[in-house]
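Below you'll find the structure, written out as C-alpha cells, and then a few comments.
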Amino acid sequence: FQRNGIELIVVMDSSDEKNAILDFIKEYPFVNWRIIVNYNSHPWRNPARAINVGIRHSSNKYIMVCSPESEMLTDVIYLLRKSFEDYVDYHHYAYGRVCYVDQEDVTYENYDVIRNIPFGSVMVEKSDLEFIGGYDESLTEWGGDDNNLRARLNLIGCKGLHVEKAMMVHRD
C-alpha cells in the first residue's frame, strides 16, 4: 500500500475498534491512510453502506474494493490496475480469484490445490461506480452484494475481466 498514487480508505461501520486501527496505522506512516468511522449505532448489516462511503470519499480514478478479512497473495493491486493499461479500449472491471480458508498456510505453490473461485476483490473506474449508484444498499442480508454490483456494471456495458494471477486469501 505504500506506493505513490494509492490511498487506503478504511471505513469502520462502528467505532468499537477505532483506537486499535489508529494505533495500527501509526506503524505505517508512509501509507496514504483515510479512516472514516461511523459513530451511529445500528443493527448488523451487510457492508454495502460502508463500501459506498469509501467510494464517495475516494479521490482516485480507480477503486479496488477489498474485504478486511482478505490477504493479497500476489500483487493484486498492481495486476488489476495494469489491466486498465493493457486493455485500454475494453470497458471493464477487473477481478482476480479468492480461496476461503481458516488458518491454513496458503502459498503461491499450493494455491491451485486449495479450492478457489474467480471472485474476490474488484477494481473499477470510480465513474462507473458512481453511474450505477455504487453498491445496492437495499440488500440487507449477507452475500449477493458483489454479484449484484457486477451484474449492474455489465448492464452498462462494463464487462468483467478475470485476472488469473490476482490471488486473494480470505480468512474466516
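For segment 1-36, chymotrypsin sites (Phe, Trp or Tyr not before Pro) meeting the loop criterion (DSSP other than H, G, I, E, B) and having at most 14 other Cβ atoms within 10 Å: PHE1, PHE30.
Which value, to two decimals, describes the C-alpha radius of gyration of segment 46-96 once divided by 2.2 N^0.38 Å?
Details: Rg = 12.4 Å, N = 51, 2.2 N^0.38 = 9.8 Å.
Compared with the compact-globule rule of thumb, segment 46-96 sits at 1.26.
Computing Cα Rg over 2.2 N^0.38 Å for the structure here picks out one of (i) 1.21; (ii) 1.11; (iii) 1.04, namely (iii). For the chain, the solvent-accessible area with a 1.4 angstrom probe is 61 square angstrom per residue. A straight chain from PHE30 to VAL88 at 0.36 nm per residue would run longer than the Cα-Cα distance by 17.9 nm. Counting only protein heavy atoms and a probe of 1.4 Å, the accessible surface of the chain is 51% carbon and sulfur.
Multiplying the sequence separation of LEU139 and SER59 by 0.36 nm and subtracting their Cα-Cα distance, what value in nm do you get?
On the way: separation 80, 0.36 × 80 = 28.80 nm, distance 2.60 nm.
26.2 nm is the gain from fully extending LEU139 to SER59.
For segment 76-127 and segment 18-42, what is the separation of their Cα centres, given in Å? The distance from the Cα centre of segment 76-127 to that of segment 18-42 comes to 25 Å.
Normalised by the number of residues in segment 1-159, the average gap of Cα pairs under 8 Å and 6 or more apart makes the relative contact order 24 percent.
If only the Cβ of Lys and Arg carry +1 and only the Cβ of Asp and Glu carry -1, the dipole of segment 10-132 around its Cα centre is close to 600 debye. For segment 84-172, trypsin sites (Lys or Arg not before Pro) meeting the loop criterion (DSSP other than H, G, I, E, B) and having at most 10 other Cβ atoms within 10 Å: ARG115. Within segment 23-79, list the GluC sites (Glu not before Pro) lying in a DSSP loop whose Cβ has at most 16 other Cβ atoms in a 10 Å radius. Within segment 23-79, the qualifying GluC sites (Glu not before Pro) (loop, at most 16 other Cβ atoms within 10 Å) are GLU27, GLU69. Comparing mean-square fluctuations of TYR95, TYR135, TYR87 from a GNM of the chain with C-alpha springs under 10 Å, the top value falls on TYR87. In the chain, the DSSP beta bridges split such that about 40 percent are antiparallel, to the nearest 5. Each residue, ASP23 and TYR78, gets one label point 7 Å from its Cα in the Cβ direction; the gap between the two is 3.3 nm.
The values are calculated or read from the model by the stated rules, or taken from the named source; none is laboratory data. Computed from a prediction, not measured in an experiment: that's the story for all the values here. Please note: Cβ atoms are built from the backbone with ideal geometry, for glycine as well, and neighbour counts cover all protein chains shown. Only protein heavy atoms, including side chains, enter the accessible area calculation; ligands, DNA and RNA are left aside. Shrake-Rupley method; radii C 1.70, N 1.55, O 1.52, S 1.80 Å.
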